[in-house]
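See below for the structure under consideration.
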Ligand SMILES: [Zn+2]
């Protein structure tokens with residue numbers, strides 16, 4: 001066991017986990033020892049005969065769990081990105097154990113007594129701002145976890161947390177199974193008429209990977225609206241594809257969602273909140289459910305009106321094809337047609353100008369150079385966790401090494417859907433750690449030797465996820481609890497959304513949008529049409545997002561003890577009540593495949609994207625109009641916000657950049673809702 005690579009800190013640069021040595025059988029023993037070590041460390045804190053002080057209690061708590069942290073970060077990166085059967089099994093087994101482990105610490109009466117004593121003396125301890133905040137955050141965390149409750153209530157809380165953790169793992173597993181089982185299998189390439197050659201090749205490759213040689217498989221993406229719906233000319237196939245997506249995991253995750261929502265409601269009640277959403281949002285920047293509902297409500301009516309205008313345009317185009325009952329499965333297809341005819345914008349005409357490597361190097365990295373002075377060097381000498389993942393070293397303007405950025409862009413069978421950022425090493429001065437971060441996307445892997453040509457949305461995702469990466473890379477905090485993206489959930493999408501601004505920043509766009517063969521720049525005419533198309537499609541996108549956000553909130557504003565009979569009926573009623581039962585626009589996620597809400601820790605938090613976007617749109621305005629150079633603005637944004645992680649109040653960081661309270665006007669303008 002002495003060979004387990006998790007047992008000692010990595011000796012690689014930046015303490016990059018030693019992936020070349022890590023094997024699946026190392027995880028379980030590392031989790032075991034990691035949990036045992038941390039419990040021993042906590043026991044040492046509480047057994048300390050000296051009176052509690054900041055160093056022997058709060059800092060000691062921050063230092064605890066080093067081994068566990070190493071294995072958790074690596075394991076959960078793999079469980080999202082390369083979940084083999086063994087990893088999925090361990091995920092299901094270890095998640096409830098980790099929840100119980102957290103409870104063992106958070107509900108430790110002796111530990112809480114020490115923290116509570118310090119918390120009462122906090123003003124007289126002579127702490128600097130970051131240390132004072134650390135004490136307050138730990139105290140709040142324990143109180144919110146139930147540290148003040150009686151023994152019986154705590155026992156029930158532990159049971160609930162364990163069941164919630166295993167339920168979340170089961171939700172993920174059911175969804176993976178349903179995605180596989182409901183993939184569309186076709187015999188002939190002609191059935192895929194309308195898809196690009198690349199997409200047909202990818203479907204054939206999916207077939208091969210599943211042992212269905214010579215057949216074509218449309219695998220399901222996590223969202224409702226499958227990207228192929230915009231191109232498939234066969235209407236019946238479009239309907240079949242959408243139906244497969246909409247009905248995913250209904251039999252398994254429907255009842256499970258009811259159970260999970262019920263447990264969360266009970267948990268919130270034990271902790272003194274009327275609903276789970278109240279409990280969650282109390283600790284977010286929004287503060288109250290009412291504040292969230294007010295923002296959502298403000299956007300619903302104009303968004304639906306926009307979508308209805310879009311529908312009229314699409315219905316006219318569909319009528320020309322003899323279709324008089326435009327359905328949800330027709331929406332994306334005719335949106336694409338209208339975009340081509342009205343705005344003469346053909347999504348496939350853009351792709352040759354959006355080649356992955358160029359977008360990454362000459363777009364994303366170039367923009368980070370422009371705004372922050374960063375440079376990037378690929379480190380092929382360092383081994384990542386999967387052959388598709390690449391490793392880049394990131395340097396400051398003056399050449400100082402900053403951290404590592406891993407890029408894992410391609411879809412594969414073992415990767416979950418969507419795009420996300422993970423940290424493999426979290427920056428903290430206390431532990432002497434520099435950041436190692438990962439971006440995961442799901443770009444279809446091109447045939448060998450072929451370039452990966454992106455859609456406009458995929459380019460946006462690349463910039464977006466890199467915004468999260470920067471939040472991790474720029475972290476310059478003392479304590480691990482505050483590292484990088486450890487900020488309120490309804491704030492964490494803000495820096496990533498701001499980074500999308502560079503995608504169309506003229507200097508950046510001109511640098512990356514070049515034809516992959518000829519090197520020709522994106523024709524000005526194409527760009528003009530792109531701008532003219534502007535907010536077309538925002539009605540649909542805003543409505544499908546709002547429907548999901550409202551659904552997430554609805555599930556988590558049911559008080560404890562209220563029985564929900566049927567997930568589908570509950571969903572329909574919630575959407576109708578909010579005025580979001582718009583024909584042809586199903587929610588971006590339905591309940592049974594809404595991982596954000598039921599298994600990814602975004603429960604009662606899907607509103608966060610819109611909430612963050614208020615700050616984002618406002619900040620983009622600031623970048624455009626503050627009169628400073630891009631580089632100077634970048635420095636301010638970095639110093640006052642990106643580098644602070646959770647070490648300072650989130651809205652205080654915002655105000656330090658923009659100089660005032662947030663304003664919703666730029667958001668409404670951007671989404672065409674004014
Ligand atoms: Zn994001």
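What follows draws every value from the coordinates through simple rules; no lab data is involved. Note that the structure is a prediction, hence the values are computed from the model and not measured. Note: ideal-geometry Cβ built from the backbone for every residue, glycine included; neighbour counts use all protein chains shown.
The value obtained for segment 300-396, namely the Cα convex hull volume divided by the number of residues, is 208 Å³ per residue. By the count of neighbouring beta-carbon atoms within 10 Å, fewest first, 184, 323 end up ordered 323, 184. Between residue 110 and residue 189, full extension at 0.36 nm per residue minus the direct alpha carbon distance yields a gain of 21.8 nm. Across every direction, the projection of the convex hull enclosing the Cα atoms of the chain has a mean area of 29.6 nm². Using Cα-only point scatterers and the Debye equation, what is log10 of I(q)/I(0) for segment 137-270 at each q in 0.09, 0.15, 0.16 Å⁻¹, rounded to two decimals? For segment 137-270 at q = 0.09, 0.15, 0.16 Å⁻¹, log10 I(q)/I(0) is -0.45, -0.77, -0.82. Once divided by 2.2 N^0.38 Å, the Cα radius of gyration of segment 411-469 becomes 1.41. Taken along the Cα-to-beta-carbon direction at a fixed 7 Å, the label points for residue 669 and residue 236 span 5.0 nm. Based on alpha-carbon atoms only, what is the radius of gyration of segment 415-526 relative to the globular estimate 2.2 N^0.38 Å? Against the empirical 2.2 N^0.38 Å value, I get 1.28 for segment 415-526.
Across the chain, Cα pairs under 8 Å and at least six residues apart give a relative contact order of 16 percent. Placing a label point 7 Å from the Cα of residue 507 along the Cα-to-Cβ direction, the residues of segment 630-657 whose backbone N falls under 11 Å from that point are 630-634.
As a calculated quantity, the FRET efficiency between residue 196 and residue 290 at R0 = 45 Å, using C-beta atoms, amounts to about 0.45.
How do 437, 657, 425 line up, fewest other C-beta atoms within 10 Å first? Arranged by neighbour count, lowest to highest, 437, 657, 425 become 657, 425, 437. Computed log10 I(q)/I(0) for segment 475-625 at 0.10, 0.13, 0.15, 0.20 Å⁻¹: -0.54, -0.82, -0.98, -1.23, from the Debye equation with unit scatterers placed on every C-alpha and solvent omitted.
For segment 14-90, a Kirkwood hydrodynamic radius built from all Cα pairs, placed in the Stokes-Einstein relation at 4 °C and 1.567 mPa s, yields a translational diffusion coefficient of 92 µm²/s.
Approximating the spin labels as points 7 Å out from Cα along Cα→Cβ, the residue 429-to-residue 130 distance works out to 0.4 nm. The convex hull built on the alpha-carbon positions of segment 467-515 has an orientation-averaged projected area of 4.3 nm².
Percent of Cα pairs in segment 70-199 per distance bin of 5 Å, from zero to the largest separation: 2, 9, 13, 12, 11, 11, 11, 9, 6, 4, 4, 4, 3, 1, 1, 0.
Between helix 197-209 and the chain there is an angle of about 50 degrees, using the helix long axis and the longest principal axis of the Cα atoms. Secondary structure note: in segment 310-458, about 75% of the DSSP beta bridges are antiparallel. Relative to the longest principal axis of the Cα atoms of the chain, the long axis of helix 567-577 makes an angle of roughly 80 degrees.
Cα centroids of segment 128-172 and segment 524-539: 47 Å apart. Per residue, the average separation of C-alpha pairs within less than 8 Å and at least 6 apart gives segment 330-425 a relative contact order of 15 percent. Principal-axis analysis of the Cα atoms of the chain puts helix 608-625 at an angle of about 80° to the longest axis. Bridge orientation summary for the chain: considering DSSP beta bridges with both residues in this region, about 80 percent are antiparallel.
A straight line joining the Cα centroids of segment 285-332 and segment 627-658 runs 35 Å.
Please give the FRET efficiency for residue 56 paired with residue 319, using the beta carbon to beta carbon distance and R0 = 56 Å, rounded to the nearest 0.05. Approximately 0.15, to the nearest 0.05. Hydrodynamic analysis of segment 538-626 uses the Kirkwood radius over alpha carbon pairs. Inserted into Stokes-Einstein at 20 °C and 1.002 mPa s, it gives a translational diffusion coefficient of 151 µm²/s. If you average the C-alpha positions of segment 565-593 and of segment 1-48 separately, how far apart do those two centres end up, in angstrom? Each part's Cα centre sits 44 Å from the other's.
Across segment 368-460, the convex hull enclosing all Cα atoms gives 143 Å³ per residue. Evaluated at q = 0.10, 0.12, 0.18, 0.21 Å⁻¹, a Debye calculation over the C-alpha positions of segment 219-347 (equal weights, vacuum) places log10 I(q)/I(0) at -0.55, -0.73, -1.03, -1.14. The helix-based estimate of mean residue ellipticity at 222 nm for the chain, built from -39,500 (n - 2.57) per DSSP H run of four or more residues and divided by its residue count, is -17000 deg cm²/dmol to the nearest 500.
One decimal place: the segment residue 576-residue 381 gains 64.6 nm when fully extended, by the rule 0.36 nm per residue minus the C-alpha distance.
At full extension, residue 298 and residue 180 could sit 38.6 nm farther apart than now, given 0.36 nm per residue minus the alpha carbon distance.
Using the Cβ-Cβ distance between residue 400 and residue 66 with R0 set to 30 Å, the FRET efficiency works out to roughly 0.75. Taking a point 7 Å from the Cα of residue 520 along the Cα-to-Cβ direction, the residues of segment 323-355 with backbone N closer than 17 Å to it are 345-355.
Counting neighbouring Cβ atoms within 10 Å and putting the fewest first, the residues 61, 132 line up as 132, 61.
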